[in-house]
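Take a look at the structure below.
The values are calculated or read from the model by the stated rules, or taken from the named source; none is laboratory data. The shown structure was predicted, so the numbers you read here are calculated from the model rather than taken from an experiment. With ideal geometry, Cβ positions are generated from the backbone for all residues, glycine too; neighbour counts draw on all protein chains shown.
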Number of protein chains: 2
Amino acid sequence: MLSKKNEQYIRSLSLKKFRQKYNNFIIEGDKMVSELLVQVPNQIERIFALPSWTNQYDQKLKKTGVSVQEINERELKKISSLKTPNQALAIVQQWEPDFQSTQLEGGLSLYLDGIQNPGNMGTILRTADWFGIDWVVCSPDSVDHFSPKVVQATMGALFSVKTVRRKVEDLTLKKLNLPIYGAILKGENLFRTTLKQEGLIVIGNEGQGIRSDILPFVDHPISIPAHHKVRGTESLNAAIATAIICATFRGK
Amino acid sequence: MLSKKNEQYIRSLSLKKFRQKYNNFIIEGDKMVSELLVQVPNQIERIFALPSWTNQYDQKLKKTGVSVQEINERELKKISSLKTPNQALAIVQQWEPDFQSTQLEGGLSLYLDGIQNPGNMGTILRTADWFGIDWVVCSPDSVDHFSPKVVQATMGALFSVKTVRRKVEDLTLKKLNLPIYGAILKGENLFRTTLKQEGLIVIGNEGQGIRSDILPFVDHPISIPAHHKVRGTESLNAAIATAIICATFRGK
């Protein structure tokens, strides 16, 4: 049985203001919720799932002591934001890993400067996980990485990529011993640049690119050159550009 | 004034069956419609736009002789599929460039084997344009590349990337003198493979990968290696994988 109160609470978490108020968010679907059980069980507040699902994960559920409530398909449909609701939905506590900017030194990390599209944000986290990016630091005005569309697009990478939100000034970039790469339109050819396995890669907003509060810190401006046959396209999608840059760093 | 009939007709084109029936589709927004006017004016059936827009493009509109109907913001909102309707909307005739599979020889092309997500399809076309991909051949069951979400995600690349829909058997791959690359999970390391500037790159469906009717033709299986730190992510998004592969071909 799903109470009206729970229904309303879960629905409210599709909005950022309620996610922030309660410090909770929603994770949905068999694959994501079962992954959640393995990776960060302590963050789970409660799982709502079909009886077939709770039977399947009975052992794991008991082991973690997570609170589970069985609901039927009609109830799941009411609270799901997926086109095709998929067996389980979890209310999860938001988390933020401990972070100090000196931790950026020695590894490869991303700074997302105002990424707005949830699909882009989720895809960037998924890609960052694949390429072993240490930190993804988001500007405070980037899209909330706990929003439903972001969470789904990460395909589970949300559990493993260390993601924090920080203003540029809080990074004290001047004091860090770290090359700052930035994807801009007229930078050095990415494929001909010497790339270290250490640095902060700045990715700009989808429309405006990298803003003036961080641009002066970029000491390695890089560009992804278009092939000579390029016809009408003026730029690459932000998640695509991020992926090509990460791949080129790791592939050299 | 927008007639009820036009309103219904335009709305119907959000569905594939009506796009196929009438061989038309919709392009929206100031930037896309103005680009359309420059790139493929002969395909335009009619433009519906705010008076401020038609004033701005008065010269171009007269030169091309395109039929334009002025509407107000309220009417535009009725027919737009954008969250924020943007000045203009065009009914456009679908097109398919002349294609014979021997044209794949000598260049770099993509075969999309059942790509389902419209955002992925649009982003792949945008990326293909950037990297000068000659042809994008889609399996007939791939998402319709004239669907509104695909069109928007291409950011204009739809006008310049030669896109056709063909069954695998119609490509007569055996007869072609062409390396066939395929993105699979356990292929050769993309970054360590010798890549020619010629070939067909096969990209599989988001969930299932490359299907068995084309897999036997893949004579160069390639993989994008995950960094050793990879934690939970099992794969890359299809559009991301495509972009990394195209970039690596062009960047070598």
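Every residue in segment A:126-152 that is closer than 15 Å to A:M32 by Cα and either away from chain B (no Cβ under 14 Å) or of a type in the set (D, E, K, R) (or both), please. If the condition is that a residue be closer than 15 Å to A:M32 by Cα and either away from chain B (no Cβ under 14 Å) or of a type in the set (D, E, K, R) (or both), then A:R126, A:F146, A:S147, A:P148, A:K149 are the ones that fit. If I filter segment B:136-148 for residues that are touching a Lys or Arg at 6+ places or on another chain (Cβ under 8 Å) and of a type in the set (D, E, K, R), do I get at least one hit? Checked segment B:136-148: at least one residue is touching a Lys or Arg at 6+ places or on another chain (Cβ under 8 Å) and of a type in the set (D, E, K, R). Considering B:T123, B:T64, the condition of being at pLDDT below 95, in contact with a helix residue (DSSP H, G or I) (Cβ under 7 Å, 6 or more places away or on another chain) and either surrounded by 13 or more Cβ atoms within 10 Å (Cβ to Cβ) or away from chain A (no Cβ under 14 Å) (or both) is satisfied by B:T64 alone.
Does A:V218 satisfy being under 18 Å from A:A128 (Cα atoms) and modelled with pLDDT of 95 or more? Answer is no for this residue. For segment A:158-170, a tally of residues being within 15 Å of A:S109 (Cβ to Cβ) and either crowded, with 22+ Cβ neighbours inside 10 Å or in contact with a His (Cβ under 9 Å, 6 or more places away or on another chain) (or both) returns 3.
Screening A:A88 with (1) surrounded by 22 or more Cβ atoms within 10 Å (Cβ to Cβ); (2) farther than 23 Å from A:I214 by Cα; (3) in contact with a helix residue (DSSP H, G or I) (Cβ under 6 Å, 6 or more places away or on another chain); (4) not assigned by TED's automatic domain parsing to the domain that holds A:L61 gives one miss only, at (4). Within segment B:1-42, being more than 21 Å from B:V161 (Cβ to Cβ) and hydroxyl-bearing (S, T, Y) holds for B:S3, B:Y9, B:S12, B:S14, B:Y22. Of everything listed in (1) surrounded by 21 or more Cβ atoms within 10 Å (Cβ to Cβ); (2) without any contact (Cβ under 8 Å) to a residue 60 or more places away in the chain, the single unmet condition for A:Q103 is (1).
For (1) hydrophobic (A, V, I, L, M, F, W, C); (2) over 19 Å from A:N42 (Cβ atoms), each residue gets a yes or a no:
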| site | (1), (2) |
| --- | --- |
| A:S81 | no, yes |
| A:N86 | no, yes |
| A:L104 | yes, yes |
| A:L112 | yes, yes |
| A:L125 | yes, yes |
| A:A128 | yes, yes |
| A:F146 | yes, no |
| A:R165 | no, yes |
